[in-house]
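Student: Please find one structure pasted underneath; my questions will follow.
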Amino acid sequence: MKLGIVGGGRWAKVIQQVAHNNNIQTEMYTNNAALCNVKSINDISSDYVWVANLPDDHYKTVKQLLLNSKNVLIEKPFVQNLEQYEELVQLANDQGCILKVGYEFAYSDSINELLTTPNIIDIVWHSNDNTIKHNELYISDPTISVFEDVGSHILIILSKFLSSNEYILTDITQTENGVRYTMQSGVTHISVDLQRNVLEDRHMKIDGIAYDFNMDTTTLDKQLLDFLSHNDNINLASDHRWVDEFIINGVTSLREQHLDIVRFNKLNNITDIIGLYISKPLIDAGLVTSRYDTTLIDYLKYTVGIIDCYKHNPFVTQQYISETININTQQLIQLNIVLQQISFIQECIVGDIRNTQYWNSTIIPLSQSGTINNVLNNEYGYPLRIGLHIGQSCMFWCHFCGRNMDTNASYKKPQLRATTPDLINLLQTAPNNDPYRFYLSGGLETLTNPDLMKLIKAGYDRGFKFSLYTNGFLLTEKYLDNNPDIWDLEVLRISLYGSNNEVYTHVTKHAQGFTRVKQNTIDFLKYRKKHNKTLRFGFNYIILPGFENDLLKVLDLIEEVNSKANDQIDFITLRENFQQPNEVDSFGNREKLKEVFKIVEQRRTSTHLNKLHIDYGYALNALQQDIDSPTMHCITDAQMLPKGFPQIDVVVDAYGHVYLCREAGFLDRPGNDRYIIGQVNRENSLEQVVDDWIQHGEPIDVQPGDTKFLDSYEHIVSLLVRQSKADKQFGIDESLGPIQSKMTTVSTPSIQAFYQGDTNATVNK
C-alpha cells in the first residue's frame, strides 16, 4: 500500500516517518523539490492522500484530490468557512470517497472513560517553539492562530467523555502569547488556556482533579492505519461540522480583536498577529520561501511599520514610509502589491476609527473617480463638486464671516436676477450622473435670493439632490407656504451659532436672531410632519475651544424643539474650529470633548433625541469613541496648490464668478479676487472656464493667510493631491501603493457635499 502526502513542512515529514515505521511507502507533493518525488497532485498514484499543507490551501487541495477520486485525510483546521465545508463534504459523497479530518486524539485511549457529567473543566495547553516533537523541530505555524491549531483537539478530547457535541463559546480573548476562552456544554463549564512559545505545560483538571491526556504516543499510527483500512467510522468530515462551526465562530471573534489590537497597539505581539494574515500571501508571492524563512519576520515588521505610518497620517507619502521602515523602493512595491489583496490589512488602515472619515468620505471616493489623476496630469475634468453661493444679502453680522463688513456686502438685485438664467443653464447642462454634484450655500444668506425656487426646480428636474445651507432666519411658515419648491431639496441645514439668545446676539449682532431661528425650527418640523414631507433637516454646529460644554446646551435646545414640535431634527453635524489648530490644542479641549461626547451619547437614548444622527466629521469621530486623535489634518499657506483643483471643486457666486476655493466665494472678501478663474454666462460655460484655467491659467500668487479661503474638505483634498503627486514622483503611484480601494476607477465619487450621514436615511416622523 502507498500513501500520498501533500505538504513539505515539519508535519509532512512526521507523517512520512509514521508511514515508514508502519512499512508504508509514500509519495510526496510539495513545493520543496528536495522532498518531492511527484510533479503535481494529479500525479499522485495512491488512492489515499494525507494533506498537511498550509491551512489556506486546504480547500483547493482537497477539492482537486476529490475530483481525482482520492480518499483524503486532511489536517485541521479543515476549512475556512462553512460554505467550503458543505461543498467538500458533498463532493466526497458524490465521488464515493472517504474524507476525514486529522483529529488524532480521537484515537487516544488515555482520555476514555472519564467522568461523564463534570461541572468544571480547566484545560491548559502551552507549547514551546524550538523543541523536538516527533523527532522534528517544532516551530509554531505563523499562518494560523493557536486557537485554530489546537482548538479542534480540545473539542475532540472533550467529546470523548462528554455526552453532547453542542458547545457554546461564551468568551474568547487574545492574549500576549495565545488565546483564553470559555465555553459551555450542557451543565459543564469549560475554560481553556492556549499559549505559544512559553514554558511547556499541558494538563486538564476535571472538577479539580488532574488528568493526563499525553500518555498515548501511538495516535498517529492508529489514525494512519484506520485511514488506509477504509474505515469510515472515525473522524469523518461529515460528522464534524460542529467542530468547524465552533472554530470558525471563534476565529471571527478573534479577527475583530486582532484589528483592534493592531490599530491601537494593545499588545506586544502585533507582529505575530499580522503574521496570521500575511504569511501565506508573502509565501505565495515569493517574497519569502516558506514559513520557516528568516526573512518572514522582516516583512512582518515592514507591514507593522506601514500600518503605523497610516495610523498617524492617512496622507503619508510612500517616500516617507520607505525611509521610516528602512525598505528599498522595489521591496516596498512588492510588499504593497501583496498587502492590496489582504482584507485584514486594508481594514487595519482604512477602518481605523481615527481616520475612517478621511478614507471613506474623501480619499477613496476621489481616488476611485480618477479625478486625482486629472489634477496631477493637468487634464480637464468637469468639477465633481460645485457650490452655488447665491445669497443676495444677510441679516446677520457674524464676527467670523468672511464677507467685507465695511461695505455691507450684498449682491445688486438686478444684476443677480440677470445671472439667474446663466445659473439655470449651468444646472441644465451639467452632467447629472452624480446627484450630489451641486450644493446651495454662500457667504450671504441663501434664502435671500429671489430666484432660489427657480434654481431648486431646475436642479430637481435634472435629478440633482441639493443640500442647502441657511441661517434659518427667513425659514418661517409663511416662507414655506410661498415657496413650495423648497421641499424638492434633499437636505436643509441651519448653521447654529449658539444655544441661547445671549450667545446668538454676541455672534450675529442680531437681537432677535436666536428667538426667530428657534421658532422657525419648531414651525418647520410641524409643517414637515403635517404635510408628510421627506426633506432631511438638521443643524451644523462648530465647537469652539473653551466652549465644549456648550454642546450639552445645544442638546437641551434640540430636545426642547423636538418636544414642542412633536417631531425630531434628523441630524446635527459637529465640527471643530480647524482654522485655528494651535488654539484648539492650547485649550486642551480634546480631552474635554471626549467627556462631553460620552454625555452626549448617553443622552441620545432620551425620548426626544433617540432618532438624532450625529455626524462628528473628520477629526471628532474618534473622540466620540473615547479614542485619542489629532486635530483635523490641514495644510499651511506654503502647501496650497497655486492652480487649485477645479476638476474636483469650484464655487459659482450669484454673479456667475467661478472661484477655486469655497471660502473665497464671499462677496468683496479681501483678496478673494485672486481666486476667480472666470465667469459663467450664456456665452462662457463652466466647461470652458475650467478648461481654460487648467490649460492657460497663471498660478495664483499665494499670500500669507490664504488658507482662510479653504474649508475642511478643501484642506483634505489639498493633502490628497500633494500626497498623490509626491508618490507619483517617487515611482509608486496608487496602483503600486498598499491601499486597494484607491485603485478602482468609477464614474463618480460617492461623497456628499456637506451632510455625511446615511444617504438612504429616512426622515424622522
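Any read-out appearing in this document is the output of simple, stated calculations on the displayed coordinates, not a laboratory observation. What you see is a predicted model; the values in this text were computed from it and never measured. Neighbour counts run over all protein chains shown; Cβ positions are idealised from the backbone, glycine included.
Student: Under 5 Å between amide H atoms, partner at least 5 residues away or on a different chain: which partners does His613 have, H built in plane at 1.01 Å?
Tutor: Correct list: Phe571, Ile572.
Student: Counting pairs of alpha carbon atoms under 8 Å apart in space and at least six apart in sequence, what relative contact order in percent does region 2-104 give?
Tutor: Rounded, it is 24 percent for region 2-104.
Student: R0 = 56 Å: FRET efficiency of Asn128 with Glu591, Cβ-based, nearest 0.05?
Tutor: 0.80
Student: Something else about it: Just flag the trypsin sites (Lys or Arg not before Pro) in region 634-700 sitting in loop per DSSP whose Cβ has no more than 16 other Cβ atoms within 10 Å.
Tutor: When the trypsin sites (Lys or Arg not before Pro) of region 634-700 are filtered for loop state and at most 16 Cβ neighbours within 10 Å, Lys643, Arg682 remain.
Student: Near the amide H of Gln679, under 5 Å away, which other amide H atoms are found, from residues 5 or more places off or on another chain, if H is placed in the peptide plane?
Tutor: Val658
Student: Each label point is 7 Å from the Cα along the Cα-to-Cβ direction; what then is the distance between the points at Ile120 and Arg202, in nm?
Tutor: Taking the two extended label points, one gets 2.5 nm.
Student: Also, I was wondering about something else. Sketch the reach of a paramagnetic label on Thr217 as a point 7 Å from Cα along Cα-to-Cβ, and name the residues of region 133-176 whose backbone nitrogen lies under 14 Å away.
Tutor: 133-136
Student: Which links in Lys63/Lys280; Lys60/Lys133; Lys509/Lys529; Lys205/Lys301; Lys13/Lys63 stretch past 27 Å when you go from one Cα to the other?
Tutor: Over 27 Å apart, Cα to Cα: Lys60/Lys133; Lys509/Lys529; Lys205/Lys301.
Student: Still on this structure: With charges only on Cβ, +1 for K and R and -1 for D and E, what is the dipole size of region 2-104 about its Cα centre, in debye, rounded to 20?
Tutor: Around 340 debye, computed over region 2-104.
Student: Given a Förster distance of 30 angstrom, what is the FRET efficiency for Asp298 paired with Thr173, based on the Cβ-Cβ distance and rounded to 0.05?
Tutor: So, using R0 = 30 Å, E works out to roughly 0.55.
Student: So, one more: For region 562-568, in order, what is each residue's ³J(HN,Hα) by Karplus, 6.51 cos²θ - 1.76 cosθ + 1.60 with θ = phi - 60°, in whole Hz (x at glycine and Pro)?
Tutor: 4, 5, 5, 8, 6, 7, 10
Student: I need the chymotrypsin sites (Phe, Trp or Tyr not before Pro) found in region 115-190, filtered to DSSP loop residues with at most 13 other beta carbons within 10 Å of theirs.
Tutor: Counting only loop positions with at most 13 other Cβ atoms within 10 Å, none of the chymotrypsin sites (Phe, Trp or Tyr not before Pro) in region 115-190 qualifies.
Student: Where in the chain is the longest stretch that carries no GluC sites (Glu not before Pro) classed as loop by DSSP and with at most 15 other Cβ atoms within 10 Å?
Tutor: 380-682
Student: Quick one: 3J(HN,Hα) in Hz for region 244-256, Karplus 6.51/-1.76/1.60 with θ = phi - 60°, rounded, Gly and Pro as x.
Tutor: So the J values, rounded to whole Hz, are 4, 4, 4, 5, 4, 4, x, 4, 4, 5, 5, 4, 5.
Student: Using alpha carbon centroids, what distance separates region 226-279 and region 462-528, in Å?
Tutor: The two parts, judged by their Cα centres, are 55 Å apart.
Student: A further question follows. At a Förster radius of 22 Å, what calculated FRET efficiency corresponds to the Cβ-Cβ distance of Gln602 and Ile627, to the nearest 0.05?
Tutor: Once the sixth-power term is evaluated, E becomes 0.80.
Student: Could you give the angle, 0 to 90 degrees to the nearest 10, between helix 452-461's Cα long axis and the longest principal axis of the Cα atoms of the chain?
Tutor: Approximately 40 degrees, to the nearest ten.
Student: Once every DSSP H run of n ≥ 4 in the chain is given -39500 (n - 2.57) and the sum is divided by its residues, what mean residue ellipticity at 222 nm do you get, rounded to the nearest 500 deg cm²/dmol?
Tutor: -12000 deg cm²/dmol
Student: Through the Karplus equation 6.51 cos²θ - 1.76 cosθ + 1.60, θ set to phi - 60°, convert the phi angles of region 474-485 into ³J(HN,Hα) values in whole Hz; use x for Gly and Pro.
Tutor: Per residue, the Karplus-derived 3J(HN,Hα) values read 8, 7, 8, 4, 5, 4, 5, 5, 7, 10, x, 5 Hz.
Student: Where both residues lie in the chain, what percent of DSSP beta bridges are antiparallel, nearest 5?
Tutor: 40 percent
Student: Contact order normalised by length for the chain, with contacts defined as Cα pairs under 8 Å and 6 or more residues apart; what percent is it?
Tutor: Once divided by the residue count of the chain, the mean separation gives 12 percent.
Student: So which trypsin sites (Lys or Arg not before Pro) in region 24-95 end up in coil per DSSP with only 15 or fewer other C-beta atoms within 10 Å?
Tutor: Loop-located and lightly packed - Lys39.
Student: Sticking with this structure for a sec: Note the full-extension length gain between Asp260 and Lys412 as 0.36 nm times their separation in residues minus their Cα-Cα distance, in nm to one decimal.
Tutor: So the chain would gain 49.1 nm between Asp260 and Lys412.
Student: Separate question: For the chain, what is the charge dipole size about the Cα centre, in debye to the nearest 20, if Lys and Arg each add +1 at the Cβ and Asp and Glu each add -1 at the Cβ?
Tutor: The dipole of the chain has a size of about 2280 debye.
Student: Also: What is the angle, in °, between the Cα long axis of helix 10-21 and the longest principal axis of the Cα atoms in the chain? Nearest 10 is fine, range 0 to 90.
Tutor: 20 degrees
Student: I need the shape label for the chain. Rule: rounded when a/c is under 1.5, else prolate if a/b > b/c, else oblate, with a, b, c from the alpha carbon gyration tensor.
Tutor: Prolate, because a/c is 1.5 or more and a/b exceeds b/c.
Student: Is the C-alpha gyration tensor of region 2-104 telling us rounded, prolate or oblate? Criteria: a/c under 1.5 is rounded; beyond that, a/b larger than b/c is prolate, otherwise oblate.
Tutor: prolate
Student: Helix 296-312 versus the longest principal axis of the chain: what is the Cα-based angle in degrees, 0 to 90, to the nearest 10?
Tutor: Long axis of 296-312 versus the principal axis of the chain: about 20 degrees.
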